Amino acid sequence: MIIALPLAILWFGALFIALFDGTRKPVGYAAVGILASALAATVALGIDVHRHGPKEMGIAGWEAGVGIALRADMLGITFAVVSLVVLTTALWFEVSRDVKARIFPALVMFMGLGLTGLFFTGDAFNFYVFFEISMVAAYVLASYGESPRQLRAALIFIVVNLLGSVLFLVGIAAMYHNTGWLDMDRISVQTPVLEENPVILTATIIFVAFSIKLGLFPFHFWLPAVYTGTRPAVAAILSGALANIGSYGLLRFGADIFPRELHEGAWVMLALGSISILYGGIQAIARHSPNEVLAYSTIGQVGYILIALSIGGEAGYAAAILYAVINALNKTLLFLSASLRGWIAGAAFAVGAFSVAGVPPAGGFFGKMAIFQIGIDDGRPWIVALVFIGGALSFVYMFLLYRARFWVNQEADEATTKGALGLVVALALVIVLIGVFPEPLLSISREATSMLPERAP
Amino acid sequence: MTLFVSITIAVIFASAAYLMLKRDLIRVITGMILLGNAANLFIMAAGLRRGRAPVVPSEFETSDSLVQAMTLTAIVISFGVATLVLSLVYRVYDAHHSVDLRRLGSAEAVQSSLDDQPTAHAIQSEEDAQDAIQDREIAARQGGRR
């Protein structure tokens, strides 16, 4: 029952909030409160799973193998907690300024529902359904603000991501046809013993589907156009919460269900990841508008996750999880603080910038270090060089942006409220705290990998 | 039978891809809807068994009911998304008076040239910037008509 609790809170909460006018402050804060309570329920579930091991629950009391299963393991919970933190912060941020559409708070909660659901589900088709719930919420959110530019951004976002969703659906149908199961655990038992070719094809389709969500190099084309058009809170939600679908999906489907195919395709992922890092970094330096720089930076940052994933093994997966978590927090902080003014916002932005560049004591340092370490352990010094170059590039573009936003241009785009500043500072403190006390996060990411099978040597 | 279904799916998928590359937004959306239908057919084709309608109890070989349930869910989802996209297209049409992707692209180019100017901060607020774009778009349209 406890697994379904965060889902139930979000589901009924979102429906309830949708009835009211979200532009009014009390409704907005009620939505923040409900999201925060879902977050608390997820954290409680996480503590329980940490103590007693993964939990499983058949929906509507059906026994395993017949009904749809909900599974809570450390991997899903980690991503769920991060996504809910990002959503709560972004919603709170927007409420503390001014919500411009009455449906906004409810949509953020529906997205939280979709994300939490897909991190907890144990059924491939159910994964698709939750995935669509969060995507539909994201489609509407992308048009939030409803200026011509935001409408265009939403249109690009929908067309490209719908293509990704359809590919994913085809991949699931293919998986069902190949293995005869929709339950992810049973599929993962079947895939290693099946004939290779159909499984490779399925794995490729699913990889492409998640890469579109993540905005990886050859599939990144939609990302800058969408991020530059949307409002800061929505950009933070898209890059901090929705992009987690991509990283989680690659870990769950890649490392758990298709480990053999992941191993075989490792060099492709390594190449794509490296190109993403360099391309994102160089493009970001060439841009001026903050959202555009951060959008290209997002393309660069997912490259690291892919590299960690392609090296694989326990250390590689742990590094990928660590990097995904820190990256989500970084991007949220940067998108939110870049829209504010004043030295406090500037300091918060600088923390995020240091974290992206991988400078201690910001949390990003440990993400970079984990990838350094697996690069050295794997005997590939060029990965270390690449991480270093990527870090240097991000240092350059981050401080070009800092200069442009906080030194040269002092006028505020919009109201810089105390609440918004407080949130940004709190998020910056969390990132510094992760940097100063990294051990809890490191052990969580190691625990999360324990349910993923070791890569075949 | 498998070959026939595969060819049907391939043709629908190809038409959808062709439509999605068009400049007219309505065609793009039609392409997206077709793509969803191709995926639905694909799920049906992925069924493990063939036979009569799966009504229990049955003494005959029944068809795979799971793919039918999945297709039904997918149809509902793609239906909902199609409605959402069409309403968005209407909003885009309302804002630009056009569903031609070239026109939307030129509006985007105007916007990003505004962003790239280091003096862009001279434009005080987002509303001013929006007004400026709309003025330029109207000017561009009138220029085009002459």
Subject >> In nm, spacing of pseudo-spin labels at B:THR2 and B:LEU21 (7 Å Cα→C-beta vector) >> reply: 3.0
Original post:
Measuring from centroid to centroid over Cα atoms, what is the spacing of segment A:1-55 and segment A:75-110 in Å?
Top reply: 11
**OP:** Tabulate in residue order the Karplus-calculated ³J(HN,Hα) for segment A:282-294, using 6.51 cos²θ - 1.76 cosθ + 1.60 with θ = phi - 60°, rounded to whole Hz; enter x for Gly and Pro.
**Re:** 5, 4, 5, 5, 7, 9, 10, 6, x, 5, 5, 4, 5
Original post:
Taking the Cα centre of segment A:1-90 as origin and charging only Cβ (+1 Lys, Arg; -1 Asp, Glu), how large is the dipole, in debye to the nearest 20?
Top reply: 240
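Write out the trypsin sites (Lys or Arg not before Pro) in segment A:51-148 meeting two conditions: DSSP loop, and at most 15 other Cβ atoms within 10 Å of their Cβ. Kindly include the intermediate steps, with their values, before the conclusion.
Values: sites: A:ARG51, A:LYS55, A:ARG71, A:ARG97, A:LYS100, A:ARG102; in loops: A:ARG97, A:LYS100, A:ARG102.
Sites meeting the loop and neighbour criteria: A:LYS100, A:ARG102.
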**OP:** Pop out the ³J(HN,Hα) list for segment A:142-156 in order, Karplus 6.51 cos²θ - 1.76 cosθ + 1.60 with θ = phi - 60°, rounded to Hz; leave Gly and Pro as x.
**Re:** 4, 8, 4, x, 6, 7, x, 5, 5, 5, 4, 4, 4, 5, 4
Subject >> Of the chymotrypsin sites (Phe, Trp or Tyr not before Pro) in segment B:15-114, those whose Cβ has at most 15 other Cβ within 10 Å and which sit in DSSP loop >> reply: B:PHE60
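Rounded to the nearest 0.05, what FRET efficiency is calculated for B:GLN68 and A:ARG446 with R0 set to 60 Å and r the Cβ-Cβ distance?
After rounding to 0.05, the efficiency reads 0.90.
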Subject >> Local electrostatic count at A:ALA315 - Lys and Arg +1, Asp and Glu -1, tallied over other residues with Cβ under 10 Å >> reply: -2
Subject >> Computed lengthening from A:THR416 to A:ASP48, 0.36 nm per intervening residue step minus Cα-Cα distance >> reply: 128.5 nm
Subject >> Nearest-20 debye value, segment A:267-457 charge dipole, Cβ charges on Lys, Arg, Asp, Glu >> reply: 320
Original post:
Taking amide hydrogens as modeled 1.01 Å from N in the peptide plane, which residues meet the under 5 Å criterion relative to A:ASP183, leaving out close sequence neighbours?
Top reply: A:ALA124
**OP:** Find which of A:ILE200, A:LEU250, B:SER113 sits farthest along the positive direction of the dipole of the protein assembly as shown, computed with +1 on the beta-carbon of Lys and Arg, -1 on that of Asp and Glu, about the Cα centre.
**Re:** B:SER113
Original post:
When the Karplus curve 6.51 cos²θ - 1.76 cosθ + 1.60 is applied with θ = phi - 60°, which whole-Hz ³J(HN,Hα) does each residue of segment A:97-106 get, with x for Gly and Pro?
Top reply: 8, 7, 6, 9, 9, 5, 8, 3, x, 5
**OP:** Between A:VAL384 and B:ARG52, take the C-beta separation as r, use R0 = 45 Å, and let me know the FRET efficiency to the nearest 0.05.
**Re:** 0.10
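Here, each number is a calculation from the coordinates, and none is a lab measurement. Predicted model only: the values in this text are computed from it and were never measured. Positions of Cβ are generated from backbone atoms using ideal geometry, with glycine treated the same way; all protein chains shown enter the neighbour counts.
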